[in-house]
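Let me begin by presenting the structure, written as structure tokens, before commenting on it.
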Amino acid sequence: MKYLIILFSAYYMLSCNSEEKIAVVGKSDFQKRMNAEFKDATKTPLTKKDFKNFKGLDFYPIDSSYKVVATIVKTPNSPIFEMKTTTDRKPLYKKYGVLYFTLHQKKLQLDVFQSQDIDVDSIYKSYLFLPFTDNTSGTTSYAAGRFIDLRTTDEKEGTIIIDFNKAYNPYCAYNHNYSCPITPESNHLNVDVKAGVMAYKK
């Protein structure tokens with residue numbers, strides 16, 4: 001009996017240590033999902049070297065003022081074009097519309113895009129791609145800009161919510177082996193967007 005108690009205690013301690021190692025940090029569901037992906041060896045964009053030392057991404061403090069309601073003006077007649085990337089790859093996109101919103105008393109706008117590649121999985125057909133740069137780009141956030149995922153189903157009566165707290169870096173910020181879209185110059189915001197994922201520090 002004494003042997004079984006010792007064995008159980010050892011098992012319990014190992015289990016606790018294991019749970020500690022895989023604990024996912026984050027102050028929101030978005031942050032926890034991001035860190036979980038980066039800690040998963042089958043999904044992480046990190047290099048093997050960086051993966052070994054990875055503890056968690058750096059985020060700006062969550063700030064509800066960076067969650068805004070934007071008016072969407074659709075552009076159904078926009079032409080399909082080749083999006084520039086960090087490599088020779090040129091995926092097909094179409095401007096889905098223009099988002100007009102106010103952030104910290106400044107009136108701003110961003111173009112939002114939709115992939116036109118025929119090989120895109122059907123589950124991503126409703127996805128909208130919102131890339132942007134801002135005045136923190138190249139300092140506290142990734143120089144080439146950040147992305148926000150939206151969906152066509154997010155639109156409600158001509159409006160759509162943009163939550164900059166969910167802005168994330170393209171994989172190229174972590175590993176140069178990836179091909180990433182380059183944020184169009186027209187999608188620069190002349191404000192500091194101190195929300196979402198920060199620049200990656202190795």
(message) Quick check on my filter: what residues within region 21-55 are part of a loop (DSSP other than H, G, I, E, B), modelled with pLDDT of 95 or more and more than 16 Å from Y200 (Cα to Cα)?
(response) S28, D40, A41, T42, K43
(request) State the number of residues belonging to region 178-202 that are without any contact (Cβ under 8 Å) to a residue 60 or more places away in the chain and either part of a loop (DSSP other than H, G, I, E, B) or out of contact with any Asp or Glu (no Cβ under 8 Å at 6 or more places or on another chain) (or both). (result) 3
(message) Here is a check on your reading of the model: is N53 exposed (fewer than 13 other Cβ atoms within 10 Å of the Cβ), closer than 22 Å to E37 by Cα and out of contact with any Cys (no Cβ under 7 Å at 6 or more places or on another chain)?
(response) yes
(request) Tell me which residues, restricted to region 123-138, are touching a Phe, Trp or Tyr at 6+ places or on another chain (Cβ under 7 Å) and buried (at least 21 other Cβ atoms within 10 Å of the Cβ). (result) L128, L130, P131
(request) Using the structure shown, decide if Q116 is of a type in the set (S, T, N, Q), touching a Leu at 6+ places or on another chain (Cβ under 8 Å) and under 23 Å from Y178 (Cα atoms). (result) yes
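The values are calculated or read from the model by the stated rules, or taken from the named source; none is laboratory data. From a predicted model like this one, the values you see are computed outputs, not experimental measurements. Using ideal geometry, Cβ is built from the backbone for each residue, glycine included, and neighbour counts are taken over all protein chains shown.
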